[in-house]
Amino acid sequence: MESKQFDRQFIWGCATSAFQIEGGASADGRGESIWDRFSKKPGNVAEGHDGDVACDHYNRYRGDVDLMKELGMKAYRFSISWPRILPDGRGAVNEKGLSFYDELVDALLEREITPWVTLYHWDLPQILEDEGGWPNRKTAYAFAEYTEAVSRRLGDRVKHWITHNEPWCASILGYQTGEHAPGIKDWPKALAASHHLMLSHGLSVGILRRNSPDSLIGITNALMHVQPASGSYEDREAYRHLDGTVNRWFMDPLYRRCYPADIVADHRESGYISREGLSFVYPGDMDLIAAPIDFLGVNYYSRQIARSTAIPESKNAPRDIFALPPDQRTDMGWEVYPDGLTRVLERVHREYRPGQIYVTENGAAYGEKPGADGRVPDSRRCVYLRDHLLAAHSATESGVPLLGYFVWSLLDNFEWAFGYTKRFGIVWVDFETQQRTIKDSAYWYREVIRNNAVSLNGAFNNPNRY
Ligand code: IFM
């Protein structure tokens, strides 16, 4: 059977995040996070779900690490809960919170699974939000304190650090569209938040280098493959603006020491920033943000078609209007578009030249359940993963330094505003009993890891073949 072989050193892993799986919301002195507060407000999260119990990973992490071992994972990307470590956002360290991650890291290392730690995956301590959250510059310095506490404790054993997960989501969804915590709808705040997130990244890089020598340090961006719906001026403008706000706004500061001038101009025209420019950028900030990093994490799920109904002379007309083609969507409504992953990776390599690239998230929400035979026949997810891995492989053939891939996600989990209604896991979680059931896709992925290769074809519906 024809297959595509990956480099011998290629890292195969899976990813999760603290708020989405841990539960233990008030265990052992954990403080409140913005997602605790946000999810408790009716209407914010589907079916009123919250993260109080989630996958109960806080109590079941040993079993989950065993599961990873069984599935042949070489690396595990997880995030640390800031309010577990610093319940007041800064200051006193909660020893029990740190111990949890200490033990998790040891459990992984004992099973020869490399820990990849993300410091921030959206669960800001609520107390810091009460002081202004990410739009407040002081939050970046609180993040540096948090980085200090975590890296001092884990830096001897953790050698892969990701400062932030998807600062676009944390700033734009959190402070502009309000779909995510803290649920604010304010462009100027969102822009200040984005800068302070990037600044906090820069501040943390130096701390991580000091406390965790010989480690690899990076950041993860959500990158979309954006295309104009047509060649019309309006659609090309919609494309430029969408690509600029989602992709370039978070890439240019890291690799070019600046924000994209066209988007700064757009925001100035819209009145989101002052005539003078970006008042929240202080001298020296851009140098800090552009501190050399070792790798870029890329999260890729889908493409976006940029379409505008705006008439060109109307400067403030909505530009973010886009529509997805109707076919081939996951349960999120996201188009399945593997080629976009190749394009994103090639573009990042061509335009920004990161030394190393890892796909730190890729996966699909599909709701297949355990059948009477106990199997979860999620062949659509197998196809999605296969085609995206082939797309990733194709990028490596054109010279992209892609060195690893993390499937999102190990477990079905709390999918933010969708609660538990969308299932991204390669392992089914029964949220009543907390029972885990390995889906067909996880068996398939185990085979990929074992062979270090992806077959171009093959049946996905017979677990016995694995
Ligand atoms: O579940 C999220 C994750 O927390 C961040 N990246 C996208 C995933 C799917 O929506």
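What follows is calculated from the coordinates using simple rules that are stated; it is not laboratory data. All values derive from a computational prediction rather than experimental measurement. Reconstructed Cβ throughout: ideal geometry from the backbone, glycine too, with neighbour counts over all protein chains shown.
Residue count for the stretch 380-399 satisfying the condition of being closer than 15 Å to GLU346 by Cβ and within 16 Å of the ligand (Cβ to nearest atom): 1. Of the residues making up the stretch 342-379, those that are away from the ligand (no atom under 16 Å from the Cβ) and part of a helix (DSSP H, G or I) are THR342, ARG343, LEU345, GLU346, ARG347, VAL348, HIS349, ARG350, GLU351, TYR352, SER379.
Just wondering, is there one or more residues in the stretch 417-427 that are in contact with a strand residue (DSSP E or B) (Cβ under 6 Å, 6 or more places away or on another chain) and of a type in the set (Ser, Thr, Tyr)? No, that holds for no residue.
For the stretch 73-167, which helices (runs of 4 or more DSSP H) that fit wholly inside it have 1 or more residues that are of a type outside the set (A, V, I, L, M, F, W, C) and surrounded by fewer than 22 Cβ atoms within 10 Å (Cβ to Cβ)?
Working: elements: 82-85, 95-110, 126-130, 138-154.
Hits in the stretch 73-167: 95-110, 126-130, 138-154.
Residues in the stretch 26-51 that are more than 21 Å from the chain's Cα centre (by Cα) and either within 21 Å of GLU432 (Cα to Cα) or buried (at least 20 other Cβ atoms within 10 Å of the Cβ) (or both): SER26, ALA27, ARG30, GLY31, LYS40, GLU47, GLY48. Looking across GLY202, GLY178, GLY206, one residue alone is more than 15 Å from the chain's Cα centre (by Cα), more than 16 Å from the ligand (Cβ to nearest atom) and on the phi > 0 side of the Ramachandran plot. It is GLY178. Contact map, the stretch 1-22: residues that are farther than 30 Å from PHE431 by Cβ and assigned to a loop (DSSP other than H, G, I, E, B) paired with residues that are among the aromatic types (Phe, Trp, Tyr) and more than 16 Å from the ligand (Cβ to nearest atom), Cβ distance under 9 Å, separation 6+ or inter-chain. Pairs shown: PHE6/TRP12. Scanning the stretch 349-366 for residues that are among the β-branched types (Val, Ile, Thr) and either in contact with a helix residue (DSSP H, G or I) (Cβ under 7 Å, 6 or more places away or on another chain) or under 13 Å from TRP334 (Cβ atoms) (or both) turns up ILE357, VAL359. Checked against (1) within 15 Å of the ligand (Cβ to nearest atom); (2) farther than 21 Å from ILE113 by Cα; (3) crowded, with 21+ Cβ neighbours inside 10 Å, GLY419 passes all but condition (3).
Within the stretch 417-453, can you find the residues that are farther than 18 Å from PHE406 by Cβ and in a strand (DSSP E or B)? The answer is TRP428, VAL429, ARG436, THR437.
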